[in-house]
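Taking it in order: structure first as structure tokens, then the write-up.
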Amino acid sequence: MTKETHSKGGYILGLLLLPYIYNTFLVDYNLSYRVILLFIYAYFTHLGALVSDIDMKGSYISKRFPIIYKVFGKRFRHRGFTHSLIFVGIIAFIGDTIIVSSNDNIVFTCIFSGLLAGIISHICLDLITKEGVELFYPIEINFSILPIKTSSKTEKNINKFLSLLVIFLLGYRFYLITL
């Protein structure tokens, strides 16, 4: 999938998880701080949706973070480790450790909640591509649910659908706020 499709997928999962995030972590803060925290959450949802491609030369994220790419790109093949459940678990463990050691700092909670939502959406979207992902890395078996090619007409149609879904979910979330 392309950067745009992954980004929209991250926003969708982030918006779907938003009621939980809001009611569990944000409801006790004042309005202006909640808005800032929601922007942090949204930004890291977007970043998380792209971070799994840090293992691919020429990807948007590897160009933005070339030092991190050098670590992952040379050690792991694309759609391997950074597209696996182990990677999700490691990021969740790191996030939990940082959150606990910072006395449940809400900013870190928003950062890692968004990052995990984005990473999970990325893996789910790559599962529907022809290439698939090594979901159970280090086992070298690629899992693929559908044979969709990256940048194909089908993916472009999926991208358009995801765009509509993002708009719908944003509208729905704002509607719920006004009730």
Show the residue pairs meeting these rules: Cβ distance below 6 Å; 6+ apart or different chains; first residue within the stretch 149-174 and outside any helix (DSSP H, G or I); second residue aliphatic (A, V, I, L, M). 150/1
Would you check which residues across the stretch 74-114 are closer than 14 Å to residue 54 by Cα and not β-branched (Val, Ile, Thr) and list them? 74, 75, 76, 77, 78, 79, 80, 81, 83, 84, 87
Confirm whether residue 143 is touching a Gly at 6+ places or on another chain (Cβ under 8 Å), within 19 Å of residue 86 (Cβ to Cβ) and without any contact (Cβ under 8 Å) to a residue 24 or more places away in the chain. yes
When restricted to 76, 108, 112, the only residue of a type outside the set (S, T, N, Q) and touching a residue at least 40 places away in the same chain (Cβ under 8 Å) is 112
For the stretch 106-128, check the following and say yes or no: at least one residue is out of contact with any strand residue (DSSP E or B) (no Cβ under 6 Å at 6 or more places or on another chain) and either at pLDDT below 95 or not in a helix (DSSP H, G or I) (or both). no
Of (1) assigned to a helix (DSSP H, G or I); (2) surrounded by 13 or more Cβ atoms within 10 Å (Cβ to Cβ), residue 29 fails just (1)
Is one or more of the residues making up the stretch 156-174 at positive phi and surrounded by fewer than 13 Cβ atoms within 10 Å (Cβ to Cβ)? no
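The values are calculated or read from the model by the stated rules, or taken from the named source; none is laboratory data. Computed from a prediction, not measured in an experiment: that's the story for all the values here. Because the Cβ atoms are built from the backbone with ideal geometry, glycine has one as well, and the counts that use them run over all protein chains shown.
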